[in-house]
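Below is one structure; the comments refer to it alone.
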Amino acid sequence: MIAKDVVFIHGITSFGNSHFRTKRALEAQGYVFHNPDLPGHGDNKTSIPKFNEIIQFVIDYINKNIGERKFIIFGHSMGGGIAQYLCKIFNDQISLVILECPLSLAILSYADNEKYKHEYENNALNDFKVNENSLSSKNNIASLAGWLGSKISYLPLLLEIISPKTLELFASAQSFFENKKVLLVLGKNDRIVPTYSTLFYFKKICKNITVNLLNTNHNPFNEDTENFNKLVINYLKENN
């Protein structure tokens, strides 16, 4: 086992113990599962922060709790975006990356998802291309905002994490991230992260990636727990 520490970063409006069943499954395999509540989430009762403050919180958490040990970074949704960026900060320490329905530059091609789905189903191998006008449409932003429902207080953070400034932050880490071993798990019916745009994007930039599509929406960990946990455990057995 190269690394026994797994640092999990949850998504917007969620909480650290959202993946408690995955935590139990990995602990049974001998892993130490770190799953802090991000600022403004779960039991971390601070006000909802700026995105850069969330990133700094995670950096400080890793420095305090992991130190110089190697570790596996695991992110869901917004946490998946943060996980990519952390490969720049902790490049020498991160041994594996697990991404579940992650935020990425592919969100810019939100409206192109059906096109990429068609290409995927027909084994087309066209390159991913960012469509910067796609996400900016009022309909797509309204769709994402509507997903928040009663948690509309998170809207400023949501708009910040899909802003060009934040997405450029992720892009700045690409040269560090692209050489990592990556497990990418996507939900075929995801209405938040564009499944097929995301698939094409990561296949383009990652040199060593394993992709799995489950018949779920945005939360494979909860909607198909058994298969999700099997994918993660088997991936770790083969690569760690």
Condition set of a type in the set (Val, Ile, Thr) and closer than 18 Å to Leu86 by Cβ, scope region 1-38, selection surrounded by the most Cβ atoms within 10 Å (Cβ to Cβ): answer is Ile9
From the list Ile73, Ile82, Ile55, Ile94, which one is within 21 Å of Ser175 (Cα to Cα), surrounded by fewer than 23 Cβ atoms within 10 Å (Cβ to Cβ) and in contact with a helix residue (DSSP H, G or I) (Cβ under 7 Å, 6 or more places away or on another chain)? Ile55
Which residue pairs have Cβ atoms closer than 9 Å, lie 6 or more positions apart in sequence or on different chains, and pair a first residue in region 171-199 that is touching a residue at least 12 places away in the same chain (Cβ under 8 Å) with a second residue that is of a type in the set (D, E, K, R) and surrounded by 24 or more Cβ atoms within 10 Å (Cβ to Cβ)? Leu183/Glu100; Leu184/Glu100; Val185/Glu100; Leu186/Glu100; Gly187/Glu100
Scanning region 158-190 for residues that are of a type in the set (Gly, Ala, Ser) and farther than 11 Å from Gly81 by Cα, the one surrounded by the most Cβ atoms within 10 Å (Cβ to Cβ) turns out to be Gly187
For region 206-228, what are the residues that are closer than 26 Å to Ala3 by Cβ and either buried (at least 19 other Cβ atoms within 10 Å of the Cβ) or small (Gly, Ala, Ser) (or both)? Cys206, Leu214, Asn219, Pro220, Phe221, Phe228
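No lab work stands behind these numbers, since they all come straight from the coordinates. Worth saying up front: this structure is predicted, and the values here are computed from it rather than measured. Positions of Cβ are generated from backbone atoms using ideal geometry, with glycine treated the same way; all protein chains shown enter the neighbour counts.
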